[in-house]
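Since every read-out is calculated from the coordinates, none of them should be taken as a lab result. Just so we're clear, the structure is a prediction, and the values are computed from it rather than from any experiment. A quick note on method: Cβ atoms are made from the backbone with ideal geometry, for glycine too, and the neighbour counts reach across all protein chains shown.
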Amino acid sequence: MDVVKFCSGLVGCKSVTPTDDGAIDYIAVFLRNLGFETQILEFSDKGRTVRNLFAKFEKGEGANLGFLGHSDVVPAGDGWDFDPFEPVQHNGFLIGRGVADMKGGISAFCCAVSKFIREESFNGSIRIFITGDEEVGSYQGIQSVLNWAESRREIPDDCLVGEPSSDKEVGDRVFIGHRGSINVRAKSVGKQLHVAYSQNDANSLTQVCRYVAAMKDYEWEYEDKRFPKTNLEPTLLFTGNYAENIIPGESSANINIRFSSDYDSEQLQQILSEKAVPLGIDLSFRVNGEAYCCDDERLKDLMSAAIRNITGLIPRFSTEGGTSDGRYMVKYCNVIEFGIQDETMHQSNEKVKIADLKKLEDIYFEFLRLYFNA
């Protein structure tokens, strides 16, 4: 199937996370028709059920390559010139929610695999993992899928994640890892007072602000230059107090830290806690993932060669960008991340160049050819 046609059909599934709306079945039918064994995997928790797909094609006992993607998308939001779930071809672009993040990548690697199976003789196996809740934490998605796959010895040797990674043009950047991410809630409890009578009592909002300022000014180590430097950003300040003449009895701030391999989440929690004690700040933590980086030079060389053979570009290997489901897959195998440009993902009028979508398919096909001939 033509990659643009495949992607258009997939975008037409209104799979706003964690809803599926037929996206998983759409991909499963396509792969099943290629000869893949497919299994729909449903995992539930707290009244929410997420549909995922595992598919495999085996042709001998050679190398075992995995592809990973997610079919869920963020809500459309406002400001669209077209219906976000009725994909439109306009001025050389395909426009619709999810074309960049990441239905375009899924379409490109599915179509590349289709062509590879039909045209190439190879010894090995291909496994495809498609999940349905990447945009809301991946709890019933890749985390549950990998537990299932490990118990059945279905983990690949290497995995290519089809998330958006390119910068200015397809092939100029490949993600070989990402910084870790941890969310922090800092809370101070004081006493609600009229502002005119607050001289002798600690202001909970003042304490939280002092803590955020102290952590914002903290001097982070920076030894591992494969990553951007560790960075802390406050994202929300809350008191629940809408009157101008009241000292809040309780105040809190949300903080996110993106951290390099100079730290792990336990070290960060210790640093943050030590700084919180003198100010009477209570902390709670949610770890989104540790920092990771692919050190497999063979895999990087194959990806670089595939890009160079199709585009003439020599990609820049990077650990920029946000987290992806690769942070879970890397616990089991080598992971590299490559896909379309990330410029318009999560925005209104999300779009990809049609020519770039076809180019991405060609790069994935070349990667498959090099990988199984290596």
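Assorted remarks:
- 3J(HN,Hα) along the range 220-225: 7, 5, 8, 9, 8, 7 Hz, from the Karplus curve 6.51 cos²θ - 1.76 cosθ + 1.60 with θ = phi - 60°, whole Hz, x for Gly and Pro.
- Residue among Phe82, Phe116, Phe67 with the largest mean-square fluctuation in a Gaussian network model of the chain, springs linking Cα atoms under 10 Å: Phe82
- Legend: distances between Cα atoms for Lys59/Lys115; Lys225/Lys275; Lys14/Lys353; Lys300/Lys358; Lys115/Lys353; Lys191/Lys275; pairs beyond 24 Å are Lys225/Lys275.
- Going from the residue with the fewest nearby Cβ atoms within 10 Å to the one with the most, Ile340, Ile117 rank Ile117, Ile340.
- Degrees separating the helix 23-34 axis from the principal Cα axis of the chain, which is the longest one: 20
- Each of Arg118, Arg179, Arg173 was scored by other Cβ atoms within 10 Å of its Cβ. Listed from fewest to most, they are Arg118, Arg173, Arg179.
- Here the dipole of the range 180-289 is about 240 debye; that uses its Cα centre as origin and unit charges on the Cβ of Lys and Arg (positive) and Asp and Glu (negative).
- Residues whose placed amide H lies under 5 Å from that of Ile246, excluding near-sequence neighbours: Val195
- Put simply, when 153-166, 94-107, 252-265 are sorted by average Cβ atoms within 10 angstrom per residue, most first, you get 94-107, 153-166, 252-265.
- Once the Cα atoms are used to define both axes, helix 354-373 deviates from the longest principal axis of the chain by about 70 degrees.
- Alpha-carbon geometry of the chain: the Rg and the Dmax are 23.1, 82 Å, given in that order.
- Antiparallel DSSP beta bridges within the chain, percent to nearest 5: 70
- Basic side chains Lys and Arg get +1 at the Cβ, acidic Asp and Glu get -1 at the Cβ, and with that the dipole of the range 259-354 about its Cα centre reaches some 380 debye.
- Remark on Thr344: its backbone amide H falls under 5 Å from those of Lys351, a criterion applied only to residues 5 or more positions apart or on other chains, H modelled at 1.01 Å from N.
- Placing +1 on the Cβ of every Lys and Arg and -1 on the Cβ of every Asp and Glu, with nothing else charged, gives the chain a dipole about its Cα centre of roughly 180 debye.
- Computed on the Cα atoms alone, the convex hull of the range 311-372 gives a volume of 115 cubic angstrom per residue.
- Hz values of 3J(HN,Hα) by residue in the range 307-321 - Karplus curve (6.51, -1.76, 1.60), Gly and Pro given as x: 5, 4, 5, 8, 10, x, 8, 9, x, 8, 7, 9, 10, 6, x
- Among 72-78, 220-226, 134-140, sorting by the average number of other beta carbon atoms lying within 10 angstrom of each residue, highest first, gives 134-140, 72-78, 220-226.
- Using alpha carbons only: equivalent-ellipsoid semi-axes of the range 180-289, gyration tensor based, whole Å: 31, 12, 11
- Residue-by-residue Karplus 3J(HN,Hα) for the range 107-119, coefficients 6.51, -1.76, 1.60, Hz, glycine and proline x: 4, 5, 6, 5, 5, 5, 4, 4, 5, 5, 5, 6, 10
- Per-peptide packing, taken as the mean over residues of other Cβ atoms within 10 Å, places 33-44, 141-152 in the sequence 141-152, 33-44 from highest down.
- Once the Cα atoms are used to define both axes, helix 142-151 deviates from the longest principal axis of the chain by about 60 degrees.
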